[in-house]
Amino acid sequence: KNEVEQSPQNLTAQEGEFITINCSYSVGISALHWLQQHPGGGIVSLFMLSSGKKKHGRLIATINIQEKHSSLHITASHPRDSAVYICAVESLRDDKIIFGKGTRLHILP
Amino acid sequence: GAGVSQSPRYKVAKRGQDVALRCDPISGHVSLFWYQQALGQGPEFLTYFQNEAQLDKSGLPSDRFFAERPEGSVSTLKIQRTQQEDSAVYLCASSLVAGTGFNEQFFGPGTRLTVL
């Protein structure tokens with residue numbers, strides 16, 4: 001079982017829909033990151049969380065440390081949001097970064 | 001340059017060939033990381049440099065993989081006797097600060113390696 005699990009693996013939605021991507025992890029962490037990866041490989045950091053909730057524009061990220069779960073929400077989704085969204089955690093055990101497999105999001109116009 | 005650059009962007013190699021992948025980090029960045037991302041998977045850590053010192057190479061999958069950063073700036077990831085399972089995107093990231101924390105890592109576009 002992977003230490004970081006994301007769901008869904010793939011998501012197709014219509015423009016304007018509210019999007020939720022989930023991340024569950026099984027290790028103790030010091031922080032959790034949400035990343036965006038566009039075709040071509042470049043990765044951009046969206047959020048770093050250690051507790052609570054953060055908001056940036058149409059993006060909202062939440063984390064529940066007790067439940068070892070985080071969600072990334074996109075409000076009023078737009079085709080330019082189409083990308084792979086990756087959850088990554090900083091493991092307390094060995095300071096290593098453990099990545100989820102990513103969620104491929106496709107927003108239709 | 002404004003960001004992390006990698007070259008080549010695409011590399012096709014015959015099984016058994018040696019390849020060298022280059023990463024130019026952001027000028028002045030202390031930390032440099034290499035990751036391997038197989039198709040449909042998340043990135044996996046390969047190795048970490050702080051300046052010219054390779055402080056962690058625990059993620060290198062075999063002794064065919066070798067990385068160096070001799071002057072503390074440009075880094076090269078070398079794969080000897082490539083195998084089909086080496087096919088992946090190799091991502092480089094750099095950070096202004098020392099340490100393996102993920103915050104403030106800037107990623108390059110990656111090199112897509114295909115081994116035939």
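Residue count for region A:40-50, restricted to those that are in contact (Cβ under 8 Å) with a residue 24 or more places away in the chain and within 11 Å of chain B (Cβ to nearest Cβ): 2. Residues that are within 14 Å of chain A (Cβ to nearest Cβ) and over 15 Å from the mean Cα position of the chain (by Cα) were ranked within region B:63-113; the one that is nearest to B:GLY40 (Cα to Cα) is B:PHE102.
Give the residues of region B:68-81 that are more than 15 Å from B:THR111 (Cα to Cα) and either surrounded by 20 or more Cβ atoms within 10 Å (Cβ to Cβ) or out of contact with any strand residue (DSSP E or B) (no Cβ under 9 Å at 6 or more places or on another chain) (or both), sorted by residue number. Within region B:68-81, B:ARG69, B:GLU71, B:ARG81 meet the criteria.
Which of the residues that make up region B:29-55 are in a strand (DSSP E or B) and either closer than 30 Å to A:PRO8 by Cβ or over 13 Å from the mean Cα position of the chain (by Cα) (or both)? Listed by number, the residues that qualify are B:PHE33, B:TRP34, B:TYR35, B:GLN36, B:GLN37, B:GLU44, B:PHE45, B:LEU46, B:GLN50, B:ALA53, B:LEU55. Of all the numbered requirements in (1) within 14 Å of another protein chain (Cβ to nearest Cβ); (2) under 14 Å from the mean Cα position of the chain (by Cα), A:ASN22 misses one, and that requirement is (1).
In this entry, A:LEU35 is excluded by the filter for residues that are buried (at least 18 other Cβ atoms within 10 Å of the Cβ) and closer than 22 Å to A:LEU108 by Cβ. Residues in region A:66-95 that are over 30 Å from B:LYS57 (Cα atoms) and in a loop (DSSP other than H, G, I, E, B): 7 in all. Taken over region A:51-64, the criterion of being at pLDDT 95 or above and part of a loop (DSSP other than H, G, I, E, B) is satisfied by A:GLY57, A:ARG58.
Against the conditions (1) surrounded by 14 or more Cβ atoms within 10 Å (Cβ to Cβ); (2) within 14 Å of the chain's Cα centre (by Cα); (3) within 14 Å of another protein chain (Cβ to nearest Cβ); (4) in a loop (DSSP other than H, G, I, E, B), B:SER58 satisfies every one except (1). Counting only residues that are in contact with an Asp or Glu (Cβ under 9 Å, 6 or more places away or on another chain), surrounded by fewer than 22 Cβ atoms within 10 Å (Cβ to Cβ) and either among the hydrophobic types (A, V, I, L, M, F, W, C) or over 21 Å from B:GLU68 (Cβ atoms) (or both), region B:89-106 holds 4 of them.
Do we find a residue being touching a Gly at 6+ places or on another chain (Cβ under 6 Å) and in contact (Cβ under 8 Å) with a residue 12 or more places away in the chain anywhere in region B:48-62? Spell out the reasoning first.
First, the residues of region B:48-62 that are touching a Gly at 6+ places or on another chain (Cβ under 6 Å): B:51-52.
If we keep only those that are in contact (Cβ under 8 Å) with a residue 12 or more places away in the chain too, we end up with B:51-52.
Yes; the residues of region B:48-62 include at least one that is touching a Gly at 6+ places or on another chain (Cβ under 6 Å) and in contact (Cβ under 8 Å) with a residue 12 or more places away in the chain.
In the set A:VAL27, A:VAL44, A:VAL84, only one residue is in contact with an Asp or Glu (Cβ under 9 Å, 6 or more places away or on another chain) and either under 20 Å from B:GLY108 (Cα atoms) or surrounded by fewer than 22 Cβ atoms within 10 Å (Cβ to Cβ) (or both); that residue is A:VAL27.
The values are calculated or read from the model by the stated rules, or taken from the named source; none is laboratory data. What you see is a predicted model; the values in this text were computed from it and never measured. Note that each Cβ is placed from the backbone with ideal geometry, even for glycine, and that neighbours are counted across all protein chains shown.
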